Amino acid sequence: MKVAIFGASGYTGLELLRILALHDGAEVVEATSRQYKGKAVPEVFPALRGFYDNLVFSDPEDAMGVRADIAFSAMPHGASQEVVPELLKGSKVVDLSADFRLRDPGVYKSWYGEHKSTGLLSQAVYGLPELKREEIKGARLVANPGCYPTGAVLALVPLAKNGLLAEGTVIVDSKSGVSGAGRNAGLETAFVEVASGFKAYKVGCHRHTPEIEQELSSAAGGPLGVRFTPHLIPASRGILTTAYAGLKEELSQAALSSLYADFYAGERFVRLLPEGSYPDISQVRGSNFCDIGLFADRKRVIVVSAIDNLVKGASGQAVQNMNLMSGFPEEKALLTPPLSV
């Protein structure tokens, strides 16, 4: 199967190339980058020497006519919505930007600005396989979830789906490594600024808030507001999410554990930790796993999740979606044990 990656020179592009190098059913035939057009992939990513020695970055405009079975768009929001309609003429598409995640164009406008391809919003399937597996299988356009929403929704959706979350009580507190800010250098994510720091940012106004609310509300069958605060930690990758919520009825620790075990039964990439154990981002590093730990306190719960923001939070989940859309085993090229050190 032929694969094209648009916007392949960022961290998510690098992760797509790394993961797909292990996929014996897929061949990357096109990788675009305006910044590095004309350069061979290993010139930009030396770690990929021996895997893509003959693949040269092309300009996105020159690659629009490429014949690919699957096209990944790892371009920024706004830019992706201009490229995706053309890609859909010949390929199935997994979009890693925010452009097709929000179903309401008015909500998108409030958080991101004008949307130029609103006609595709109703066609896009939200690409969280643990929730939308069957819809993804038949989709031509999949909106890959954001990194923070992946950790938050997987942490809370079993409670939402069972109608247990009390409205007005959900608090999501997430800590992310600096790779979530992208590969372009900036003062706020420079080593000296981050190495000994730990701060909250975009408090009360982070763009992933409506995405988390959309998916939890959909699962609950009614509106669920979320108070979401992201933090930047001195780590290269990983997201640890601690979610707090009030419940409509009391749950014991055993009942909470049983509810999650039933909900995630058979899910290869969700690992529920034993009672009293909680996730560590070092234990999912480089993998497509989401680890979850649970604490029950009568009518309150604390749920902790850990993902690698570049894998389950982005490119790994994108390949998981590609596998579903293309008839491959869902875990193909993704069962890599975490790099625990």
So how many residues does the stretch 211-230 have that are under 17 Å from the mean Cα position of the chain (by Cα) and assigned to a strand (DSSP E or B)?
2
If the requirement is being in the same structural domain as Glu188 (by TED's automatic domain parsing), closer than 21 Å to Asn144 by Cα and surrounded by 16 or more Cβ atoms within 10 Å (Cβ to Cβ), which of these qualifies: Ser287, Ser326, Ser315?
Ser287
List every residue pair whose Cβ atoms lie under 6 Å apart, where the two residues are 6 or more positions apart in sequence or sit on different chains, the first residue falls within the stretch 290-308 and is under 19 Å from Ala235 (Cβ atoms) and among the hydroxyl-bearing types (Ser, Thr, Tyr), and the second residue, located anywhere, is assigned to a strand (DSSP E or B) and at pLDDT 95 or above.
Ser305/Thr241; Ser305/Cys290; Ser305/Ile292
Can you tell me which residue within the stretch 111-137, out of those that are touching a residue at least 40 places away in the same chain (Cβ under 8 Å) and of a type outside the set (A, V, I, L, M), is surrounded by the most Cβ atoms within 10 Å (Cβ to Cβ)?
Gly127
Segments classed as helices (runs of 4 or more DSSP H), wholly inside the stretch 46-161, with at least 2 members that are within 24 Å of Ala181 (Cβ to Cβ):
80-87, 105-111, 147-161
Which pairs turn up if I take residues in the stretch 17-32 that are touching a residue at least 12 places away in the same chain (Cβ under 8 Å) and look for partners that are among the polar types (S, T, N, Q) and surrounded by fewer than 23 Cβ atoms within 10 Å (Cβ to Cβ) with beta carbon separation below 6 Å, at least 6 apart in sequence or on another chain?
Thr32/Ser58
Could you grab me the full set of residues in the stretch 272-304 that are out of contact with any Pro (no Cβ under 6 Å at 6 or more places or on another chain) and assigned to a strand (DSSP E or B)?
Leu272, Cys290, Ile292, Leu294, Phe295, Ala296, Asp297, Arg300, Val301, Ile302, Val303
Hits in the stretch 305-324 - residues which are part of a helix (DSSP H, G or I) and under 20 Å from Asp173 (Cβ atoms)
Lys312, Gly313
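The values are calculated or read from the model by the stated rules, or taken from the named source; none is laboratory data. None of these values were measured; they are calculated from a predicted model. When we count neighbours, we look across all protein chains shown, and the Cβ atoms used for this are built from the backbone with ideal geometry, even at glycine.
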